[in-house]
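S.K.: My questions all concern the structure below.
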Amino acid sequence: MKVTRIFKKLIMVFIFTIMYCGKTPIQSPIIYGLVIHGGAGTITKEKMTSEKEAEYRGKIMEALTAGYKILERGDPSLDAVEAVVRIMEDSPLFNAGKGAVFTNAGTNELDASIMDGSTLQAGAVAGVKTVKNPISAAREVMEKTWHVMLSGDGADHFAKEQGLEIVDNNYFFTERRWKALKKTQEVEKHGTVGCVALDKNGNIAAGTSTGGLTNKRWGRIGDTPIIGAGTYANNETCGVSGTGQGEYFIRGNIAYDVSALMIYRSLTIKDASDQVIDKLSVSGGKGGLIAMDRNGNIAMSFNTQGMYRGYRINGSESVIKIYSH
Ligand code: ASP
């Protein structure tokens, strides 16, 4: 009698297992995507022509589409970040790579950094003069050395050794930036580029590249190559890329602060980003940041009149914005 009861129970457990565990488990959707910026500053509709706006929108769209394709085929977020930033570095529209601003000595000195949120490894170059794509040099520093940052001639030399494309410093000459140097009122113009991407494996990467500030003292290094100031990525929290007056970003540890607020105070990415930009404003600094968490939530906060920015998440259309409203 007892044996039959035990047998019946076993049959029921068996049927239950088949019914509930045999079913295909409900899959949570794989989230991936990217958010990018092309600099924050005095960007207003009044100062913009429709042709210029179309040019900016076109280049941002090209960069977003290229990065999205990389993520869509399942490749790492680091590849997407590097590819996106390279496209923007090759465009004279942005203050990075080709379109870099001039120092007070009439030279171009470029900074860039990249960070892998899955390993917390990072790489940066500062004050390079001959590397066509500083973001790639930053990645080489991360992957081929045990250092985080290389600067000046040493960084240029290292990039050449790695087989990266080397150009004469004149390559970075653009009429527009030269004129800006001559007009001191344009000192505050920004145009740095950055990208944060989340890949199908849940890995976040962030990268930023800049020519710095127009009329900066030669030798000056901004926040862009400084991990925690201009760039930060951590799979546990988010990826961040900043743009604005670098000195304030360095003093305020702006990029890391977003992650810190999320981990220590459990703030959402939006609240953390807004709070950090409020802190930037209180300190007197101007600028903005883009950020993305591991669930694909994004933030694009800034205290300037505009910030070139865009994002594309999970099959949705690309969204591109320029002004504050
Ligand atoms: N943050 C950059 C720097 O200070 C400039 C910028 O974002 O426009 O070098």
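S.K.: Sort out which residues of region 17-38 are modelled with pLDDT of 70 or more and either touching a strand residue (DSSP E or B) at 6+ places or on another chain (Cβ under 6 Å) or aromatic (Phe, Trp, Tyr) (or both), and write them in order of number.
M.R.: Hits for region 17-38 are Tyr32, Gly33, Leu34, Val35, Ile36, His37, Gly38.
S.K.: Residue check, Leu181 against (1) in contact with a Phe, Trp or Tyr (Cβ under 9 Å, 6 or more places away or on another chain); (2) of a type outside the set (S, T, N, Q); (3) modelled with pLDDT of 85 or more, all met but one. Which one?
M.R.: Among (1) in contact with a Phe, Trp or Tyr (Cβ under 9 Å, 6 or more places away or on another chain); (2) of a type outside the set (S, T, N, Q); (3) modelled with pLDDT of 85 or more, Leu181 violates only (3).
S.K.: Suppose we keep only residues that are in contact (Cβ under 8 Å) with a residue 40 or more places away in the chain and of a type in the set (A, V, I, L, M) within region 210-250. Which one would you say is farthest from Gly99 (Cα to Cα)?
M.R.: Taking the candidates together, the pick is Ala233.
S.K.: Can I ask one more? In region 307-325, what residues are over 14 Å from Val193 (Cα atoms) and crowded, with 22+ Cβ neighbours inside 10 Å?
M.R.: Arg312, the sole residue that qualifies.
S.K.: Is it true that some residue in region 164-184 is β-branched (Val, Ile, Thr) and within 27 Å of Ala233 (Cα to Cα)?
M.R.: Checking region 164-184: not a single residue is β-branched (Val, Ile, Thr) and within 27 Å of Ala233 (Cα to Cα).
S.K.: Could you pull out the residue among Asn253, Asn303 that is polar (S, T, N, Q), under 15 Å from Gly228 (Cβ atoms) and in contact (Cβ under 8 Å) with a residue 12 or more places away in the chain?
M.R.: On inspection, the qualifying residue turns out to be Asn253.
S.K.: While we're looking at this one, here's another question. Among (1) buried (at least 24 other Cβ atoms within 10 Å of the Cβ); (2) out of contact with any Lys or Arg (no Cβ under 7 Å at 6 or more places or on another chain), there is one condition Arg220 misses while meeting the rest; what is its number?
M.R.: Going through the list (1) buried (at least 24 other Cβ atoms within 10 Å of the Cβ); (2) out of contact with any Lys or Arg (no Cβ under 7 Å at 6 or more places or on another chain), Arg220 breaks only (1).
S.K.: Which members of region 91-124 meet the condition of being within 13 Å of the ligand (Cβ to nearest atom) and assigned to a strand (DSSP E or B)?
M.R.: Passing the criteria: Thr103, Leu110, Asp111, Ala112, Ser113, Ala124.
The values are calculated or read from the model by the stated rules, or taken from the named source; none is laboratory data. If you're wondering where the values come from, they're calculated on a predicted model, not measured in any experiment. All Cβ positions, glycine included, derive from the backbone under ideal geometry; neighbour counts span all protein chains shown.
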